[in-house]
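Readers should treat all values here as calculations from the given coordinates under stated rules, not as data from a laboratory. These numbers come from a predicted model, not from an experiment. Neighbour counts are summed over all protein chains in view; Cβ atoms, including those assigned to glycine, are modelled from backbone coordinates with ideal geometry.
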Amino acid sequence: MIIISPSVLAADFSRLAEDVAKVERAGAEYLHLDVMDGIFVPNISFGAPVISSLRKHSKMVFDVHLMITDPIRYIDDFVKAGADIITIHYESCEDPLSVVRYIHSKGVRAAVSIKPATPPELIFPMMSELDMVLVMTVEPGFGGQKLIPETVQKVKVLRDYAEANGLKLDIEVDGGIGADNLYMLTEAGANVIVAGSAIFKAEDPDAVMRAMRKSADEHPYK
Ligand code: DX5
Ligand code: ZN
């Protein structure tokens with residue numbers, strides 16, 4: 001079973017709660033919240049106050065993707081805001097594993113993300129301590145980009161390693177994903193699927209999510 005995590009970056013920020021309620025009604029399990037600081041990525045999105053406001057309106061699992069430099073500085077804020085999963089970037093700090101351990105010490109699930117140019121093998125040594133790995137399928141920073149095909153193989157490398165070592169973690173993919181290309185990623189071993197534009201910009205987000213689930217069912221990890 002795949003988990004769909006709609007990214008609110010593509011929602012209408014003037015009616016965030018309504019847009020979020022729409023995907024929750026359509027059966028999204030997670031809500032993907034992209035935090036950008038204008039330094040780690042060349043864009044600024046929103047921070048903990050927005051997440052904490054949304055928390056009162058939703059029961060979805062809050063999947064917080066931190067695209068910020070030195071994320072350790074803000075973990076407490078995002079825990080307090082109601083994050084259920086906090087993802088930091090491998091490239092954003094000196095010692096990602098210590099940040100992962102800090103997140104765990106707060107009772108929150110922890111994940112590490114890699115940008116398209118970061119080799120997946122760098123994650124192997126810490127994988128047994130992670131709840132999830134996030135493989136970026138576009139350069140982080142903006143919604144609405146095209147998926148970079150070379151990133152698909154990285155998902156496979158990570159899933160094969162996890163299987164070979166008896167690790168049960170989730171593999172999330174993020175960027176340029178919709179019902180038409182999702183199959184490549186589920187076949188490679190991804191099970192948590194982020195989609196921003198494909199869901200929030202659609203006339204019928206419900207239909208898009210159904211099409212995504214159908215495609216995932218027809219294309220399992222092999
Ligand atoms: C990009 C973000 C993504 C983005 C995905 O840096 O991490 O979560 O919102 O948007 P789409 O699905 O439109 O590529
Ligand atoms: Zn994201």
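Tabulated data
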quantity: Relative contact order (percent, whole number), the chain, Cα cutoff 8 Å, 6+ residue spacing; calculated: 20 percent
quantity: Estimated distance in nm for a label pair at Lys80 and Ala117, the labels positioned 7 Å out from Cα along Cα-to-Cβ; calculated: 3.6 nm
quantity: Euclidean distance of C-alpha centroids, the range 62-117 and the range 1-55, integer Å; calculated: 16 Å
quantity: Amide H partners (placed H, <5 Å) of Asp170, local residues excluded; calculated: Met132, Val133
quantity: Cross-link table Lys80/Lys214; Lys80/Lys156; Lys59/Lys201; Lys22/Lys146; Lys56/Lys156; Lys56/Lys222, entries beyond 32 Å C-alpha to C-alpha; calculated: Lys80/Lys214; Lys80/Lys156; Lys56/Lys156; Lys56/Lys222
quantity: Net charge over other residues, Cβ less than 11 angstrom from the Cβ of Arg55 (K, R count +1; D, E count -1); calculated: +2
quantity: Cut-off of 10 Å, at most 10 other beta carbons, DSSP loop: longest stretch of the chain lacking such GluC sites (Glu not before Pro); calculated: 95-202
quantity: Linear extension gain, Phe124 paired with Ser52, 0.36 nm per residue minus alpha-carbon span; calculated: 22.6 nm
quantity: D_trans [Stokes-Einstein, Kirkwood Rh over alpha-carbon pairs] for the chain, 20 °C, 1.002 mPa s, µm² s⁻¹; calculated: 125 µm²/s
quantity: Low-density loop positions, trypsin sites (Lys or Arg not before Pro), the range 11-62 - DSSP coil, at most 12 other Cβ in 10 Å; calculated: Lys56, Lys59
